[in-house]
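> Here's a structure for you.
Each value in this text was obtained by applying a stated rule to the coordinates, not by laboratory testing. Nothing here was measured: the structure is a model prediction, and the numbers come from that model. Ideal geometry is used to build each Cβ from the backbone, glycine not excepted, and the neighbour counts take in all protein chains shown.
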Amino acid sequence: MPFESKSEAGYTIVSIDETRLDASISELFRVYLFDQIDNGSNNLVVDLSLVRFMDSSGLGALVAALKKMGGEGKLKLAGAQPAVLDLFNLTSMDKLFTIIPSVAEAIEEK
Amino acid sequence: MTAEQGQTVRLEIDSELANTTLIAMAVRGLCAMTTLSPVEVNRVELCVVEIVNNAIEHAYGYEKGHKVEVGVGLQKSTLHLTISDWGKPMDEGKLGAGDSPVDPVDPDDPAAWLCSGRGLTIVQSLMDKVEYQIDGDKNSFIMSKQIRS
């Protein structure tokens, strides 16, 4: 599975070991995030630093996770690369998510 | 109006989502022959991926063993992309529905946050022209992007 998680400073850090978060893995990713939330992780940081390309299905998985959290806890995105940031800006999803340059800063930011 | 001379290439994959990357990488390489900026190349890649995924998901219902064809036409001032399938045609009303720019999102209304169905809207907002043609059993999504000379 191209996803891993670890706990750090009260956050669950989800990392993606893929350069493309696209329709071939987005459903798997959504299920993985839902499992994290169902298992009690309500402060999530998704490390996007390796992801060079994301399509609308990858974005949809993140939106689904944010909806599932229902306003409880936090879901932060860290390390988004230019093409990924562009997708968030194009779709106005940058208004929904807290996007932070790095995992370290996401943990420090309150 | 005189037709611009250009070069064309035709790519073909089997209808499997993992194969979309092959098309994406090939189109990126072809875009490198143009004056498109890195941001524009990323956006062209995104559009191609969205439409190829649509063909696999909606025309073929995720069923493998069907053909998705991508034609790339490079002219002096225009990049043409044609994505064709031989499956279930798209509801042409969908294309018109996405004419408007990407809708603003209301952070205070989670019920309205879309988890899917953004692909066509993104494509329509990024490409200069899009159209959908049905010719017998062949369905083609045609899009083009102006290139600086």
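> Lys/Arg Cβ at +1, Asp/Glu Cβ at -1, dipole of the range B:7-146 taken about the Cα centre: which of B:61, B:114, B:37 is farthest positive-ward?
B:37
> Something else: Any idea which of A:29, A:19, A:65 is furthest toward the positive side of the dipole for chain A, if Lys and Arg beta-carbons carry +1 and Asp and Glu beta-carbons -1?
Working it through, the farthest residue towards the positive pole turns out to be A:65.
> According to a simple spin-label model (label point 7 Å from Cα along Cα-to-Cβ), what is the distance in nm between residue B:129 and residue A:9?
The two pseudo-label positions are separated by 5.3 nm.
> Here is a further query. Starting from the Cα of residue B:113, step 7 Å along the direction of its Cβ; do the same at residue B:14; then give the gap between the two resulting points in nm.
3.8
> Would you mind working out the magnitude of the charge dipole of chain B relative to its Cα centre, with +1 at each Lys and Arg C-beta and -1 at each Asp and Glu C-beta, to the nearest 20 Debye? Walk me through the numbers on the way to the answer.
On the way: 13 positive and 22 negative charges, 133 e Å.
Roughly 640 debye for chain B.
> Then there's this: Determine the percent antiparallel among the DSSP beta bridges restricted to chain A, to the nearest 5. Can you show the working numbers first?
On the way: 6 of 20 bridges.
Just about 30 percent of them are antiparallel.
> Moving on. May I ask for the equivalent-ellipsoid semi-axes of chain A, computed as the square root of five times each C-alpha gyration tensor eigenvalue and listed largest first in whole Å? Before the final figure, lay out the partial values.
Numbers: eigenvalues 67, 48, 38 Å².
Its equivalent ellipsoid spans semi-axes of 18, 15, 14 Å.
> Tell me the label-point distance for the pair residue B:63, residue B:77, using the 7 Å Cα-to-Cβ offset, in nm and rounded to one decimal.
That separation, rounded to one decimal, is 4.4 nm.
> How about residue A:76: which lysines have a C-alpha closer than 16 Å to its C-alpha, ignoring those fewer than 8 places off in the same chain?
Leaving aside lysines fewer than 8 places away in the same chain, those within reach of residue A:76 are A:6, A:67, A:68, A:95, A:110.
> Now, a different point. Using Cα-Cα distances under 8 Å and only pairs 6 or more residues apart, what relative contact order does the range B:7-146 have, in percent? It would help to have the intermediate numbers written out before the result.
Details: 220 pairs, mean separation 36.3, N = 140.
About 26 percent, as a whole number.
> Beyond 26 Å, what share of the Cα-Cα pairs of the protein assembly as shown remains, rounded to the nearest whole percent?
Numbers: 14108 of 33411 pairs.
The calculated P(r) of the protein assembly as shown puts 42 percent of pairs beyond 26 Å.
> Kindly provide the helix-only [θ] at 222 nm of chain A, computed as the sum of -39,500 (n - 2.57) over DSSP H runs of four or more divided by all residues, to the nearest 500 deg cm²/dmol? Please report the intermediate quantities before stating the final value.
Details: 4 runs with 42 residues, N = 110.
For chain A, the value works out to -11500 deg cm²/dmol.
> Can you give the extra length, in nm with one decimal, that the chain gains between residue A:92 and residue A:28 once fully stretched, where that is 0.36 nm per residue apart less the Cα-Cα distance?
Residue separation times 0.36 nm, minus the Cα-Cα distance, leaves 20.6 nm.
> Taking only C-alpha pairs under 8 Å that are 6+ residues apart, what is the relative contact order of chain A in percent? Let's see the in-between values first.
Values: 179 pairs, mean separation 29.5, N = 110.
27 percent.
> Expressed as a fraction of 2.2 N^0.38 Å, the rule-of-thumb size for a compact globular protein of N residues, what is the C-alpha radius of gyration of chain B?
So chain B has a normalised radius of gyration of 1.07.
> Sticking with this structure for a sec: Mind checking which of A:85, A:66, A:77 has the largest fluctuation in a GNM of chain A, springs on alpha carbons under 10 Å?
Ranking A:85, A:66, A:77 by mean-square fluctuation puts A:85 first.
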